[in-house]
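This report refers to the structure that appears directly beneath it.
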Amino acid sequence: MYDYLIVGAGLYGAVFAHEAAKAGKKCLVVEKRPHIAGNIYTEDVDSIHVHRYGAHIFHTSNEEVWNYVNQFARFNNYINSPVAVYHDELYNLPFNMNTFSKLWNIKTPAQAKAFIQS
Ligand SMILES: Cc1cc2nc3c(=O)[nH]c(=O)nc-3n(C[C@H](O)[C@H](O)[C@H](O)COP(=O)(O)OP(=O)(O)OC[C@H]3O[C@@H](n4cnc5c(N)ncnc54)[C@H](O)[C@@H]3O)c2cc1C
């Protein structure tokens, strides 16, 4: 009856089922949760997409992957720029020269390297 039985409707199962169906295969996807999308699932709460299993941000440097996902959804240009609060000061995350400069009062990558090694 089916060419493939796919367990889980997360990213992997969904992409596999989509591509297999396009190639003319018959797929049955089973999912134990009451929704699709696996860990990237979001639910609509007052028109806000709330990530039920923790925040997810899509990022890739692979043009083929970028073109692939864009056939399914329109992406906005959200830039993740978190900051950490430590002893009442704000620090950039992920760590960059601003962070190191504020933390250790240094100015150059060479000084940061030396500090980390010490
Ligand atoms: C908190 C958190 C934050 C993350 N942030 C990011 C991020 O910012 N960017 C990023 O690229 N990735 C992120 N990830 C990773 C990303 O979620 C996973 O790489 C991706 O969701 C994996 O997809 P998957 O289809 O392999 O698995 P899942 O999404 O886990 O899907 C598997 C599905 O299979 C179902 N399943 C399992 N066993 C059975 C069974 N026996 N019968 C039926 N169904 C079954 C599950 O219910 C689930 O729906 C994050 C992960 C977490 C947990």
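Read-outs: derived from the displayed coordinates by stated rules, not from any lab. Keep in mind that what you see is a predicted model, and the values were worked out from it rather than measured. Please note: Cβ atoms are built from the backbone with ideal geometry, for glycine as well, and neighbour counts cover all protein chains shown.
At a glance:
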item	result
Computed over the stretch 4-70, the ratio Rg/Rh where both radii use C-alpha atoms and Rh is Kirkwood	1.02
Test item: Cα-centred dipole of the chain, Lys/Arg +1 and Asp/Glu -1 on Cβ, debye	240
Computed P(r) (all Cα pairs; the chain; 5 Å bins; percent)	2, 8, 12, 14, 13, 12, 10, 8, 8, 6, 4, 2, 0, 0
Exposed-loop-free span, longest in the chain, where trypsin sites (Lys or Arg not before Pro) count as exposed if DSSP calls them loop and at most 14 other C-beta atoms lie within 10 Å	75-106
